[in-house]
Amino acid sequence: MGNENINESIGRGISVFKNIEVLYPEYVPSYLPHRELQLRLLEQIFKPLLTDPGSVSIRAMLIGGVGVGKTVTARVFSRNMKKLALENNIDLKYVHVNCHRDRTLYEVVSEIIRQVGAPIPLRGLSPREMLLALLSHLERHKQYVIITLDEFDYFIRTAGNDAVYFLIRLYDEYPDAVKRLNYIFISRDITVLGMLDSTTESYMLKHLVKFEPYKLVELYDILIQRRDLAFYEGTVDNDVIKYIAEHEGVDRGGEGNARSAIEVLLHAGMAADNEGAQRVSIEHVRKAIAIIHPDVVRISDELNNLDLHELLLLKAIIRTLKEKNMPEVKIGDVEEEYRYICQQYGVEPRKHTQVYEYINNLKHMEIIQARVSGKGYRGRTTLIKISTPLDPLERRIDELIEKRRK
Ligand SMILES: Nc1ncnc2c1ncn2[C@@H]1O[C@H](COP(=O)(O)OP(=O)(O)OP(=O)(O)O)[C@@H](O)[C@H]1O
Ligand SMILES: [Mg+2]
């Protein structure tokens, strides 16, 4: 080890992280890979706020599944908007209310007032009086606000149609007023809007921005961005990132959820630190996945239902994965290992077609994942992987094999 390396490892303490906070949920990156389209759409929708402020009350609705970047996009968008507003001498405030926490009309309006920083006494006022007081405060200070109502479906369910109507159609009553309130609504699904009367519903759906679950390549870019910010250089290989992206990617049967992908990366780093490892390995990722997706217990249960040859095959998959040190292995290599293991145990190996059946069965039970290879492999072959930590799994399998042989 050269001097530089020694200094580096001292400086590093014993951690692979240089800035772990970057992986926490509240961190807002300066740039969002693969949300350019949504950000551009929002810019278009909110353009009148910059070119002709006060002329209309703007509203947009962000729709998409779990962890697809709705909340963070609203935050990044408003950060950009505030900057642009400032350049145009427009005093723009941003308010972000989580309706999961504040779900009554009173709570939502109080929270808006609190975040705007308007000195309005809340006691004894009705939501309507509070909101009117806020409007005159904004009028006096010539301020505009973008209000994000996140997890808005909770508000609809709890507060109901009239509250939604009151909140977002206030300007109907004052058509000549300068429009200072603008809204971004966020919800995971759109069906909840069916609880509203049809005019309010169509009012809300005016500008819809959709968020699709992330694909492998998209998660890869998102994770690379976080890795470079969070980890010391050289501690997390691209292969490790790719493994996480494959696990979560919607095109690989995952949820397409960036939140859990980032969480896996965080826990993998922590697993490496726990072991005092210099680098994050794929096995650390498997451990992280086991913590976040507690599948291990389920799989250990399922193992009891397997027969001897399924167990031997599973052991062969594990041995091959370990030996090749790759996220996925080819069925041909697994079969070779399987025959070798059978020989060691002194049992007759099953034929190829039967092995194939076993693979399908294990896949069906979600103990392994299997897919047919695409480009990059000579010919087409079945690739197999296991997402749970291999060591405890192999130990359990060894125990069961011993039992079955008795
Ligand atoms: N395109 C992206 N680039 C960088 N980070 C992203 C991107 N999309 C999502 N993230 C990160 O993934 C995590 C989840 O995103 P976010 O909280 O915005 O999801 P969401 O759509 O609001 O999900 P939920 O419906 O569960 O609230 C956050 O840490 C966020 O910073
Ligand atoms: Mg969210």
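Numerical summary
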| quantity | calculated |
| --- | --- |
| The stretch 144-168 residues that are basic (Lys, Arg), paired with ones that are part of a helix (DSSP H, G or I) (beta carbon under 8 Å, 6 or more apart) | ARG157/VAL192; ARG157/MET195 |
| Filter result (within 16 Å of ligand 2 (Cβ to nearest atom) and surrounded by 21 or more Cβ atoms within 10 Å (Cβ to Cβ)) within the stretch 175-204 | ILE184, PHE185, ILE186, SER187 |
| Selection within the stretch 24-33 - out of contact with any Gly (no Cβ under 7 Å at 6 or more places or on another chain) and either open to solvent by less than 60 Å² (accessible area, probe 1.4 Å) or not in a loop (DSSP other than H, G, I, E, B) (or both) | VAL28, PRO29, PRO33 |
| Boolean, ILE317 is closer than 22 Å to ALA245 by Cα and part of a helix (DSSP H, G or I) | yes |
| Residue among SER126, SER110, SER57 that alone is more than 20 Å from the chain's Cα centre (by Cα), more than 22 Å from TYR203 (Cβ to Cβ) and surrounded by 14 or more Cβ atoms within 10 Å (Cβ to Cβ) | SER110 |
| Qualifying residue in the stretch 140-155 (condition: aromatic (Phe, Trp, Tyr) and open to solvent by less than 20 Å² (accessible area, probe 1.4 Å)) | yes |
| Pairs with Cβ under 7 Å, 6+ apart, first in the stretch 78-95 and more than 16 Å from ILE45 (Cα to Cα) and open to solvent by 50 Å² or more (accessible area, probe 1.4 Å), second hydrophobic (A, V, I, L, M, F, W, C) and modelled with pLDDT of 95 or more | ASN88/LEU50; LYS93/VAL116; LYS93/VAL145 |
| The stretch 205-223 - residue that is acidic (Asp, Glu) and away from ligand 2 (no atom under 16 Å from the Cβ) and, of those, nearest to LYS70 (Cα to Cα) | GLU218 |
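To keep it simple, each residue is scored yes or no on (1) modelled with pLDDT of 95 or more; (2) among the acidic types (Asp, Glu); (3) within 16 Å of ligand 2 (Cβ to nearest atom).
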| residue | (1), (2), (3) |
| --- | --- |
| GLY11 | no, no, no |
| ARG35 | yes, no, yes |
| THR51 | yes, no, no |
| ARG59 | no, no, no |
| VAL66 | no, no, yes |
| VAL97 | yes, no, yes |
| ILE120 | no, no, no |
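The values are calculated or read from the model by the stated rules, or taken from the named source; none is laboratory data. Predicted model only: the values in this text are computed from it and were never measured. Don't worry about glycine lacking a Cβ; one is built from the backbone with ideal geometry, like all the others, and counts go over all protein chains shown. Note: areas computed on protein heavy atoms with side chains; ligands, DNA, RNA excluded. Shrake-Rupley method; radii C 1.70, N 1.55, O 1.52, S 1.80 Å.
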